[in-house]
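Trainee: Sending over a structure as structure tokens; questions will come in a sec.
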Amino acid sequence: MTTPNPKEVSGRHAADLVKSGMTVGLGTGSTVFFALQRLAERVRDEALEIRGVPTSLDTEQKATEMGIPLISLDEATSLDLTIDGADEVDPDFQMIKGGGGALLREKVVASITVKQVIIVGRNKVVERLGLAFLLPVEFVPFAASTVRRALQALGCEPMLREQDGQPFVTDNGNRIFDCRFPEGIAVPRELDRSICCIPGVVESGLFIDLAHVLVIGEEDGTVEILQKH
Ligand code: 5RP
């Protein structure tokens with residue numbers, strides 16, 4: 001017998017919440033991959049009619065290969081439901097996202113979504129954000145030095161994200177600082193505001209009041225569903 005994968009059980013469960021006729025935001029990451037697989041199965045086997053809006057070039061490519069119909073963000077004024085992952089979620093449903101580098105498009109899509117469904121394994125649910133995971137901040141390359149100093153002044157240690165020995169470049173042509181907060185993040189809402197006010201910052205990986213439903217995958221193959229009140 002194979003051991004259940006919490007990412008897979010939460011991803012598949014979320015995909016089953018989608019109904020025909022919906023415009024659906026498609027998040028990014030390894031958990032979302034399982035949701036895409038299940039959506040593709042339903043498009044094929046149940047004639048599920050959806051229009052997906054991808055949050056990254058990676059998701060766009062995967063969804064296209066799987067046969068999920070896509071539209072651009074310009075063609076949607078609002079999204080019925082978005083399925084996305086997270087790096088950390090706290091008891092108030094506030095999140096750190098951007099481990100996969102797609103935070104900017106993910107936040108734009110979340111901002112026009114009626115029901116944001118977040119899929120995570122139990123290990124991503126934390127009491128305080130930022131203790132185990134670094135906070136990603138996307139910024140324009142021109143402002144690297146000034147943004148670094150401003151982030152340091154907020155009490156963190158920013159590290160330039162690299163890939164294959166080169167600065168990581170986002171889908172939007174920007175860079176990312178992964179920020180270590182030694183004590184974690186005490187007040188996520190305030191920190192998000194402060195970071196987003198730094199000239200040159202494009203977006204912070206703090207997602208405040210942007211999750212409505214948590215689908216938490218367990219090691220035993222079950223899911224726990226939590227709704228934001
Ligand atoms: C990408 C994200 C992802 O949702 C987050 O990193 C979780 O990824 P995974 O499901 O692979 O653990 O925010 O920008």
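Trainee: Which ranges mark the strands (runs of 3 or more DSSP E) fully within region 1-109 that have 2 or more residues being over 28 Å from Q163 (Cβ atoms)?
Mentor: 23-26, 79-84
Trainee: Got a number for residues in region 199-229 being more than 20 Å from Q94 (Cβ to Cβ) and part of a loop (DSSP other than H, G, I, E, B)?
Mentor: Residues in region 199-229 being more than 20 Å from Q94 (Cβ to Cβ) and part of a loop (DSSP other than H, G, I, E, B): 7 in total.
Trainee: Only residues in region 94-112 that are aromatic (F, W, Y) count as the first member; pair them with residues that are outside any helix (DSSP H, G or I), Cβ under 9 angstrom, at least 6 apart or cross-chain, and list the lot.
Mentor: none
Trainee: Restricting attention to region 132-144, which residues are part of a loop (DSSP other than H, G, I, E, B) and within 24 Å of S10 (Cα to Cα)?
Mentor: A132, F133, L134
Trainee: Could you go through region 126-146 and let me know if any residue there is more than 22 Å from K19 (Cβ to Cβ), without any contact (Cβ under 8 Å) to a residue 40 or more places away in the chain and within 14 Å of the ligand (Cβ to nearest atom).
Mentor: Looking for residues that are more than 22 Å from K19 (Cβ to Cβ), without any contact (Cβ under 8 Å) to a residue 40 or more places away in the chain and within 14 Å of the ligand (Cβ to nearest atom), one finds at least one in region 126-146, hence yes.
Trainee: Which of the residues that make up region 101-110 are near the ligand (Cβ under 8 Å from one of its atoms) and more than 19 Å from V215 (Cα to Cα)?
Mentor: Hits for region 101-110 are G101, A102, L103.
Trainee: Inspect all residues belonging to region 110-126 and state whether any of them is over 14 Å from the mean Cα position of the chain (by Cα), basic (K, R) and in a helix (DSSP H, G or I).
Mentor: For region 110-126, residues over 14 Å from the mean Cα position of the chain (by Cα), basic (K, R) and in a helix (DSSP H, G or I): present.
Coordinate-derived values only; no laboratory data. Since this is a predicted model, take the numbers as computed values, not measurements. Virtual Cβ from ideal backbone geometry, glycine too; neighbours counted across all protein chains shown.
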